[in-house]
Amino acid sequence: MKFITFDNAGKPALGVQYRDAVIEVARLGPQFPASMASLIEADRDILPAIAQACAAAPEHLRLTAATLTLLPPISNPGKIICVGLNYADHLSEAKVGEAPAFPGLFHKVPSSLAAHGAALLRPATSCQLDFEGELAIVIGRSCKRVPAERALEHVFGYTIVNDGSVRDYQLNKALAAGKNFDSSGACGPCIVTAEDLPPGARGLHLQTRLNGQVMQDGNTDQMIFDVASIIALVSDIHGLNPGDIISTGTCSGVGAARTPPIWLEPGDEIEVEIEGIGVLANSVRQEGE
């Protein structure tokens, strides 16, 4: 199942994609959650109940997806944890040596990630805004020091992150600075429940396109640390809770590694597509304009 968060008269609403339409989950009945956070925290038995209710829903509850304004899938996640240099081909193009024994980790703040369909902002202080298409894990059950063989039990689903990176700040000032400019990246368009993808989201085609041209073309099988390993390693540091997001890193093809470098410009259209999840699409706008 695919769930979205959309704007409903100025308030976030939980929607489920059903066939070629979207249905607001709360309108299916008072027993159903009204927010993504409530859905993620609910018992998994709620999912087949929602599917059954959708099948019986009257026509007037079915909304046209193209008319909706999407919001980030999770309004205010407790943690957004990102893994750096987690694909061997990206490790090579970054020229940083051998694969690490422990993943590089950093955090993003929610304001750094725009919704699907919203504009990415090229900051006024830099012209080096880059793209990174990534698979992201959405935690569904709390865990602390969970072993890798049990880690997937704690996954609610998966979404897409464009880990927008302001490279001159990232490389010359501070990693966290370059990764956290307002609306420099994006998250969405939906969360796909784990049951609807291969275990650990393995074998999924990932592609990033800039103005229709393919820039990144990879597969989640190429990750150095897979989904289960990432959850185990991160949960050894601090507990993970429902709604936490872990972005799993990007494959080769980023703009900074090209000769000459390719940076996102105002007016550009950037898309990240992951098999089984969908397409995260954003335009680029200059900050302040």
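The values are calculated or read from the model by the stated rules, or taken from the named source; none is laboratory data. Since the structure is predicted, the reported quantities are computational estimates derived from the model, not experimental observations. Virtual Cβ from ideal backbone geometry, glycine too; neighbours counted across all protein chains shown.
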Self-check item: When residues of region 144-179 are limited to those that are outside any helix (DSSP H, G or I) and of a type in the set (S, T, N, Q), the one farthest from Ser229 (Cα to Cα)
Solution: Ser165
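Please go through region 246-289 and pick out each residue that is of a type in the set (Ser, Thr, Tyr), part of a loop (DSSP other than H, G, I, E, B) and buried (at least 16 other Cβ atoms within 10 Å of the Cβ). First the steps, then the outcome.
Pass one, region 246-289, residues of a type in the set (Ser, Thr, Tyr): 247-248, 250, 252, 259, 283.
If we keep only those that are part of a loop (DSSP other than H, G, I, E, B) too, we end up with 252, 259.
Residue satisfying the conditions is Ser252 alone.
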Quiz prompt | So Tyr18, is it assigned by TED's automatic domain parsing to the domain that holds Val155 and not hydrophobic (A, V, I, L, M, F, W, C) | solution = no
Quiz item: Does at least one position in region 180-199 carry a residue that is in the same structural domain as Glu271 (by TED's automatic domain parsing), under 17 Å from the mean Cα position of the chain (by Cα), at pLDDT 95 or above and part of a helix (DSSP H, G or I)?
Solution: yes
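State yes or no: is Val83 within 30 Å of Ser252 (Cβ to Cβ), not aromatic (Phe, Trp, Tyr) and not in a loop (DSSP other than H, G, I, E, B)?
Numbers: within 30 Å of Ser252 (Cβ to Cβ): yes; not aromatic (Phe, Trp, Tyr): yes; not in a loop (DSSP other than H, G, I, E, B): yes.
Taking the combined requirement at face value, the residue satisfies it.
Given Ile40, Ile23, which one is outside any strand (DSSP E or B), under 23 Å from the mean Cα position of the chain (by Cα) and either of a type outside the set (Ser, Thr, Tyr) or under 26 Å from Asn282 (Cβ atoms) (or both)? Walk me through it before giving the result.
Values: Ile23 fails: outside any strand (DSSP E or B).
That would be Ile40, the only listed residue that is outside any strand (DSSP E or B), under 23 Å from the mean Cα position of the chain (by Cα) and either of a type outside the set (Ser, Thr, Tyr) or under 26 Å from Asn282 (Cβ atoms) (or both).
Quick one: which of Gly140, Gly117, Gly164, Gly157 is closer than 26 Å to Gly267 by Cα and crowded, with 23+ Cβ neighbours inside 10 Å?
Gly164
Quick check on region 43-56: of everything there that is of a type in the set (A, V, I, L, M, F, W, C) and within 13 Å of Val16 (Cβ to Cβ), which residue is surrounded by the fewest Cβ atoms within 10 Å (Cβ to Cβ)? Walk me through it before giving the result.
Residues of region 43-56 that are of a type in the set (A, V, I, L, M, F, W, C), as a first pass: 46-47, 49-51, 53-56.
Next, only the ones that are within 13 Å of Val16 (Cβ to Cβ) stay: 46-47, 49-51, 53-55.
Working: Ile46: 16, Leu47: 18, Ala49: 15, Ile50: 23, Ala51: 12, Ala53: 19, Cys54: 19, Ala55: 9.
That would be Ala55.
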Practice problem: Residue by residue through region 1-20, note down the ones that are over 15 Å from Pro73 (Cβ atoms) and part of a loop (DSSP other than H, G, I, E, B). | Solution: Ala9, Gly10, Arg19, Asp20
Self-check item: Leu47, sole failed condition from (1) outside any helix (DSSP H, G or I); (2) touching a Ser or Thr at 6+ places or on another chain (Cβ under 7 Å); (3) of a type outside the set (Phe, Trp, Tyr)
Solution: (1)
Self-check item: Residue under evaluation Pro77, criteria (1) out of contact with any His (no Cβ under 7 Å at 6 or more places or on another chain); (2) farther than 17 Å from Ser35 by Cα; (3) surrounded by 15 or more Cβ atoms within 10 Å (Cβ to Cβ); (4) in the same structural domain as Ala186 (by TED's automatic domain parsing), criterion not met
Solution: (2)
Quiz item: Which condition breaks for Arg141 when tested against (1) outside any loop (DSSP other than H, G, I, E, B); (2) under 21 Å from Asn241 (Cα atoms)?
Solution: (1)
